[in-house]
Amino acid sequence: MRWDNLVENTRETGTGALFAADAVTTRTFDTPEFRGITFHEIRARSIVNRVPGASRMPFEWTVNPYRGCTHACVYCFARKTHSYLDLDTGLGFDSQIVVKINAPELLRRHLASSRWHGAHIAMGTNVDCYQRAEGRYRLMPGIIEALRDHANPFSILTKGTIVLRDLELLRQAVEVTEVGISVSVGFVDPELWRTVEPGTPSPERRLDVVRTLSENGIDCGVLMAPVIPFLGDRPDQLRATVRAIAAAGATSVTPLVLHLRPGAREWFMQWLGRHHPQLVRRYERMYADGAYAPTWYQRTVTRRVHELATEYGIGPARRGEPRRIPAQQEQQSPFDGPGPAQLTLL
């Protein structure tokens, strides 16, 4: 494995290396939930990352305590990031997990710096901070505690149910700063879930997270992502998903159509060829111009989901409430402006 690009000469780059060359410990655990997974524990040198200026994300700073993700979602756009370490973007992304074991202490130090002015920090925007590994490494409690203690606004996007372990910490944080929690549920079809998101909790369990957070006074939106063309976009499927989201007590729902960046595109198309070969040509035509589905298609899906949301009584977050990533994204609707406008959070 090559780690050279993460331990670069700081005099040449002007930036700090991500971790020291001798700071990688590789572990495997012979337990059912971690069988076949390798963890690369590192002591990172930085943890707060600036989002590139060209990004359309509604936030500027992120914290990602993990690289790689055992959720194994076949469409995950973050697969490409594994190639930076000379790791495989397919099975390697699902089974070679980089763990920044000093993330909480690094974040606390960063927040205490006089150069930091309390900007919003987003988590779960690259890989899930509540993926299965978090059950063992427990990095998020320390991260949330640091954000709470500095009253620093933050948001979390997750498919993981482990977030409920930190319910009390989240309640404490909500008392002192703006906190946005979003759960990703693109569909409720059990067969589609088993094949396309094999390492995640079921959609029903994720909606239980929404319900539990709501019952404990923590508003939670749902990122309905991805809506998968020809597999999860039938009118009855969209209705069933929005209905389930509403029943769980979500404060908002934001649909995002599947997008296929390099790295994810190749892996997804291999999966499609195995499971739905009759759709390969249709996908090649739909995504012929790049990573995004045609604008007309995005608009059709968005309009239908918004109509269903209105029917079931789900609206955007209200002004003055803690910020939530889905609400921010709805302000940048695919209806606004020419060309593909789909946000790229997942």
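Do any residues in the range 207-233 that are on the phi > 0 side of the Ramachandran plot have Cβ atoms under 6 Å from those of residues that are open to solvent by less than 20 Å² (accessible area, probe 1.4 Å), where the two are at least six apart or on different chains, and which pairs are they?
Once the first residue is on the phi > 0 side of the Ramachandran plot and sits in the range 207-233, its partners that are open to solvent by less than 20 Å² (accessible area, probe 1.4 Å) give Phe230/Leu279.
So in the range 196-216, with the set limited to residues that are open to solvent by less than 10 Å² (accessible area, probe 1.4 Å) and in contact with a Leu (Cβ under 9 Å, 6 or more places away or on another chain), which one is nearest to Gly160 (Cα to Cα)?
Looking at residues that are open to solvent by less than 10 Å² (accessible area, probe 1.4 Å) and in contact with a Leu (Cβ under 9 Å, 6 or more places away or on another chain), I get Val209.
Among the residues of the range 168-185, write down those that are among the small types (Gly, Ala, Ser), in contact with a Leu (Cβ under 8 Å, 6 or more places away or on another chain) and in contact (Cβ under 8 Å) with a residue 60 or more places away in the chain.
Within the range 168-185, Ser182, Ser184 meet the criteria.
May I ask you to list the residues in the range 117-131 that are open to solvent by 20 Å² or more (accessible area, probe 1.4 Å) and touching a helix residue (DSSP H, G or I) at 6+ places or on another chain (Cβ under 6 Å)?
Once the filter is applied, which keeps residues that are open to solvent by 20 Å² or more (accessible area, probe 1.4 Å) and touching a helix residue (DSSP H, G or I) at 6+ places or on another chain (Cβ under 6 Å), the range 117-131 yields only Asn126.
Output the residues belonging to the range 132-153 that are small (Gly, Ala, Ser), open to solvent by less than 10 Å² (accessible area, probe 1.4 Å) and within 21 Å of Val176 (Cα to Cα).
If the condition is that a residue be small (Gly, Ala, Ser), open to solvent by less than 10 Å² (accessible area, probe 1.4 Å) and within 21 Å of Val176 (Cα to Cα), then Ala146 is the only one that fits.
Do we find that Thr195 is polar (S, T, N, Q), in contact (Cβ under 8 Å) with a residue 12 or more places away in the chain, part of a helix (DSSP H, G or I) and more than 17 Å from Gly221 (Cα to Cα) in this structure?
The answer is yes for Thr195.
For the condition among the aromatic types (Phe, Trp, Tyr) and touching a strand residue (DSSP E or B) at 6+ places or on another chain (Cβ under 8 Å), what is the one hit in Tyr287, Tyr297, Tyr312, Tyr283?
Only one candidate passes the filter, namely Tyr297.
May I ask you to list pairs of residues, at least six apart or on different chains, whose Cβ atoms are under 6 Å apart, with the first in the range 135-160 being farther than 16 Å from Gly124 by Cα and the second being charged (D, E, K, R)?
So the pair list comes out as Ala146/Arg108.
Can you name every residue in the range 234-243 that is free of Cβ contacts under 8 Å to residues at least 60 places away in the same chain and not charged (D, E, K, R)?
Matches in the range 234-243: Gln237, Ala240, Thr241.
Is one or more of the residues making up the range 167-176 modelled with pLDDT of 95 or more and closer than 30 Å to Arg282 by Cβ?
The answer is no; no qualifying residue exists.
Take the residues in the range 154-165 that are crowded, with 20+ Cβ neighbours inside 10 Å and either over 23 Å from His40 (Cβ atoms) or of a type in the set (Asp, Glu) (or both), then tell me which one is nearest to the chain's Cα centre (by Cα).
Once the filter is applied, the top-ranked residue is Leu157.
Listed residues Ala54, Ala78; which is modelled with pLDDT under 95, at negative phi and touching a Lys or Arg at 6+ places or on another chain (Cβ under 9 Å)?
Criteria check complete, one pass: Ala78.
Take Gly118 and decide whether it is out of contact with any Phe, Trp or Tyr (no Cβ under 9 Å at 6 or more places or on another chain) and farther than 23 Å from Thr38 by Cα.
For Gly118, the condition - out of contact with any Phe, Trp or Tyr (no Cβ under 9 Å at 6 or more places or on another chain) and farther than 23 Å from Thr38 by Cα - is met.
Conditions (1) modelled with pLDDT of 95 or more; (2) in a helix (DSSP H, G or I); (3) out of contact with any helix residue (DSSP H, G or I) (no Cβ under 9 Å at 6 or more places or on another chain); (4) under 30 Å from Ile121 (Cα atoms), marked per residue:
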| site | (1), (2), (3), (4) |
| --- | --- |
| Arg274 | yes, yes, yes, no |
| Ala293 | yes, no, no, yes |
| Val301 | yes, yes, no, yes |
| Leu308 | yes, yes, no, no |
| Gly339 | no, no, no, yes |
| Leu345 | no, no, no, yes |
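In the range 217-231, is there at least one residue being charged (D, E, K, R), assigned to a loop (DSSP other than H, G, I, E, B) and open to solvent by 10 Å² or more (accessible area, probe 1.4 Å)?
yes
Please work out which one of (1) surrounded by fewer than 17 Cβ atoms within 10 Å (Cβ to Cβ); (2) outside any loop (DSSP other than H, G, I, E, B); (3) within 20 Å of the chain's Cα centre (by Cα) is the condition Pro52 fails and give its number.
(2)
I'm trying to understand the selection: among the residues of the range 247-272, which are touching a residue at least 24 places away in the same chain (Cβ under 8 Å), surrounded by 19 or more Cβ atoms within 10 Å (Cβ to Cβ) and not in a loop (DSSP other than H, G, I, E, B)?
Val253, Thr254, Pro255, Leu256, Val257, Ala264, Arg265, Trp267, Phe268
The values are calculated or read from the model by the stated rules, or taken from the named source; none is laboratory data. Just so we're clear, the structure is a prediction, and the values are computed from it rather than from any experiment. All Cβ positions, glycine included, derive from the backbone under ideal geometry; neighbour counts span all protein chains shown. Please note that ligands, DNA and RNA were not included when accessible areas were found on the heavy atoms of the full protein model with its side chains. Shrake-Rupley method; radii C 1.70, N 1.55, O 1.52, S 1.80 Å.
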